[in-house]
Amino acid sequence: MKKEAVRARELEVKLRVDSFDEVVLGYNENETLKEAERCLQCKNPACIAGCPVGIDIKTFIYKVVKKDYEGAYFTIRETNDFPSICGRVCPAEYQCRKTCVLTKKGSPFSSPDAINIHFLERFVGDYGMTHNLEVPVKKDERLTKFKVAVVGSGPAGLASAGELARLGISVTVFEGLHKSGGVLRYGIPPFRMPRNILDFEIDYLKKKGVKIMPNYLIGAVRSLDELFKEGYSAIFLGMGAGIPAFLGIKGENYCNIYSANEFLTRVNLMSAYKFPEFHTPVNIGEHVIIIGGGNTAMDAARSALRLQKINKMKPDTTILYRRTEVEMPARRLEIEHAEEEGVNFKFLVKPEEFIGGDNGFVKKMRCLECKLGEPDNSGRRRPVEIPGSDFELTCDMAVIAVGLKANQLLLKVTPELKTDKYGDVTVNPDTMETSIAGVFAGGDIVGGEGTVIEAMGMAKKASKAILDYLLKQ
Ligand code: FAD
Ligand code: SF4
């Protein structure tokens, strides 16, 4: 008899919408075992190829079924340093679950029947955390004399630091912001990425000897040359993609129109949701419009709606997207949660102009209706405008979440560092080495906006190449 997939427990909607508490509560032990037992233990497990770091999914699930959670934890940690983080934020429906044999062939994302690999991974990762399981340090005496600098403390920087520190290399992470974690801290809200999980992983690295230097913008405080002169033998660049793209339409600079990055940074990093306990204001509107269809748009919308509720306003937050729900790049679960929480969706709509009042604040938007045309390079059907279909929407706050570009500061002051036409750092794809000898890169600064696990995968590849590079010094 076919066994139903086990749904993870979630915070009730009414308890979610006026707090930033974690929404997905995951599995308890019984639920974990029930879900793990559904795994078919395929002879050739296709799910592994769907994971950007190739976790041995079949083995870890087998160990879970045997209640060997410690063994499962160490199996995952062979390729993924942060299972509790990935188990929470990985878009598994486009990765391991999509290639699970239980997903229907040709489906744009995983079928509901596919094994909930991410929730099993989360359970095992949390087990490792609560039981203080530690991956042994394997000091390599040939490497302990070296110092490596890591620029940026997002998933790429942290993964690379962990990988190198484990071998006894002295690693310093330089972070431009006052807190580490990259997008995991300033972008993804606590209701998806609880800060105690992130803090635990960062403290773990610190205990392993990784030094983290906050408020240290490389390119302004130090150049790459200066880092080499200070004795760093290699440098890993994980600066990410934090520069927001804009729509380029009339009226985009009216007051109360935020980039998603600014809005989310205020809310998450600067804790505006705890105002006045934290002194970061955010001028939340009565009619909020979010433009975009990715995770950033979902996070912005769900945060805006919570802020409306916290401020005792009637929630009115709408996502505008040029295509339909099927083409939305956001995680399916985030779309589902946004809908449950009361976010409105308007599909096949393209913003044309923001209209402001005499006070300089946005008050309306003019939009055009669209229909779907032929698929574009991404394989998704392209939005085609319908002439004459203009209409207006009331809007006293807008958040633009239509993409992010590479952080430029360091690139501008380091012209020898080659970049491509998108402004991303160019690397040798086998070693992740940049155009400067001894400087490696990975994460969103290389591939553009990607996923947490993809960033970590690139960092791991770069770290292996850094070891080879150091051993040749
Ligand atoms: P980042 O996380 O951007 O970290 C880069 C760090 O470098 C930052 O802390 C930055 O301050 C620092 N920095 C930049 N320049 C310098 C400098 N010159 N000197 C020192 N420090 C510097 N992916 C998922 O898998 N699942 C999700 O659910 C998901 N949701 C997302 C939600 C949002 C709102 C956003 C924006 C992205 C989301 N992503 C998600 C994508 C994912 O977060 C990124 O792909 C990932 O964080 C990239 O990691 P990174 O280390 O390359 O860069
Ligand atoms: Fe799946 Fe992500 Fe875990 Fe890989 S890291 S197995 S893609 S949930």
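Annotations for the structure displayed:
- Members of the range 320-349 found to be open to solvent by less than 60 Å² (accessible area, probe 1.4 Å) and of a type in the set (Asp, Glu), listed by number: Glu327, Glu334, Glu341
- The single residue among Glu31, Glu35, Glu12 that is over 16 Å from His118 (Cα atoms) and more than 16 Å from ligand 1 (Cβ to nearest atom) turns out to be Glu12.
- Tally of residues being of a type in the set (A, V, I, L, M) and surrounded by 24 or more Cβ atoms within 10 Å (Cβ to Cβ) across the range 308-319: 1
- Picking from residues in the range 257-286 that are more than 16 Å from ligand 1 (Cβ to nearest atom) and surrounded by 20 or more Cβ atoms within 10 Å (Cβ to Cβ), the one that is nearest to Ala398 (Cα to Cα) is Ile257.
- Listed by first and then second residue, the pairs with beta-carbon distance under 7 Å, at least 6 apart or on different chains, first residue in the range 89-108 and not assigned by TED's automatic domain parsing to the domain that holds Arg185, second more than 14 Å from ligand 2 (Cβ to nearest atom) and in a helix (DSSP H, G or I), are Pro108/Val326.
- In this entry, Asn295 is excluded by the filter for residues that are surrounded by fewer than 18 Cβ atoms within 10 Å (Cβ to Cβ) and of a type outside the set (Lys, Arg).
- Flag for Asp203 being at pLDDT below 95 and under 22 Å from the mean Cα position of the chain (by Cα): yes
- Matching residues, the range 27-64, being open to solvent by less than 50 Å² (accessible area, probe 1.4 Å), touching a residue at least 24 places away in the same chain (Cβ under 8 Å) and part of a helix (DSSP H, G or I): Glu31, Thr32, Leu33, Glu35, Ala36, Cys47, Ile48, Gly50, Ile57, Phe60, Ile61, Val64
- Test: residue in the range 55-71 that is within 16 Å of ligand 1 (Cβ to nearest atom) and under 26 Å from His131 (Cβ atoms): yes
The values are calculated or read from the model by the stated rules, or taken from the named source; none is laboratory data. What you see is a predicted model, and the numbers here were worked out from it, not measured in a lab. Here Cβ is always computed from backbone atoms with ideal geometry, including for glycine, and neighbour counts include all displayed protein chains. Accessible surface areas use protein heavy atoms only, side chains included; no ligands, DNA or RNA. Shrake-Rupley method; radii C 1.70, N 1.55, O 1.52, S 1.80 Å.
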